[in-house]
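Notes to accompany the following structure.
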Amino acid sequence: MADDGYVMADTDATRESQRLGLLEANRDPGTIVRLERLGVAPGWRCLEVGAGRGSIARWLADRVGPAGSVLAADIDPRFLTGMPANVHVRRFDVREDEPEADAYDLVHCRALLMHLHDPAPALARLARSLRPGGVLLAEEGDFGMYHYGNHPHGEELTETAHDAFKVMTRAGIMNAYFGRRLPALLADCGLELEGAEVDTAIASPGDPAYEFTQASALDALPRLIAAGIMPEASGRRLEGYFGRPRTVITCASLVAAWGRAPR
């Protein structure tokens, strides 16, 4: 396990880029619908935290136009290359770094806070960076319904996965059940909670949600086994599960919540 606790922190760059690409294919459509609903407009200043490969930063850049700007911030900005002229890239650790206060019309993060040992202070810092009337959209995972189906070892693998999730949650590596807490945390930051929703996918081989789940599980597996979080025998069974015809996964849910700063 990497020193900072993030289970994917030392993944090979090529594989991590591929995994992030699957995340984009899986989650960008829903994120974009929500951003359109929030009315992102020309001239807005936007902060994209945990920008990954930059797909949402690029979408925001196109939407805000040359009169607006996007700050694409990530603790590992190696994939944020070839960005539009109105996108600025910054190495940024949400656990410690303070964004500019009262600066942004929109702040967005996805699958970020769930990986923090104590997400509340980081979320509060992001909330303080909003201009009066600005909006924060956070989208975080919740594995409460996670399930491996249609396989002889499906129930065993599901139980083992939730055992591992609980260990990681207690250790502060990843809070697998964080999403359900998100709406209340936004309100705790002094934002007016305007809405929240849950996206849940049930996926088969070839679906973006299935392929992202497979890549994430298998890339994390060696670290989970080495740390004693998952038994080696279960890891071998999990490797044999993915890609089998007719297997079906109830994937991690994505809880999206958005709140507005007082005017």
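Annotation: of all residues in segment 156-178 being among the small types (Gly, Ala, Ser) and either outside any helix (DSSP H, G or I) or at pLDDT below 95 (or both), the one that is farthest from Ala256 (Cα to Cα) is Ala171.
Being closer than 30 Å to Gln214 by Cβ, of a type outside the set (Asp, Glu) and touching a strand residue (DSSP E or B) at 6+ places or on another chain (Cβ under 7 Å) holds for only one residue in Leu71, Leu113, and it is Leu113. When segment 80-109 is filtered for residues that are surrounded by 17 or more Cβ atoms within 10 Å (Cβ to Cβ) and not in a loop (DSSP other than H, G, I, E, B), the ones remaining, listed by number, are Val87, Val89, Tyr104, Asp105, Leu106, Val107, His108, Cys109.
Go through segment 214-235 and give me each residue that's among the polar types (S, T, N, Q) and closer than 17 Å to Thr14 by Cα. Across segment 214-235, the qualifying residues are Gln214, Ser216. Would you point out the residue of segment 117-145, among those that are buried (at least 20 other Cβ atoms within 10 Å of the Cβ) and assigned to a loop (DSSP other than H, G, I, E, B), that is farthest from the chain's Cα centre (by Cα)? My answer is Ser129.
The values are calculated or read from the model by the stated rules, or taken from the named source; none is laboratory data. Values in this document were obtained by computation on a predicted structure and should not be read as measured data. Cβ atoms come from the backbone with ideal geometry, glycine included; neighbour counts cover every protein chain shown.
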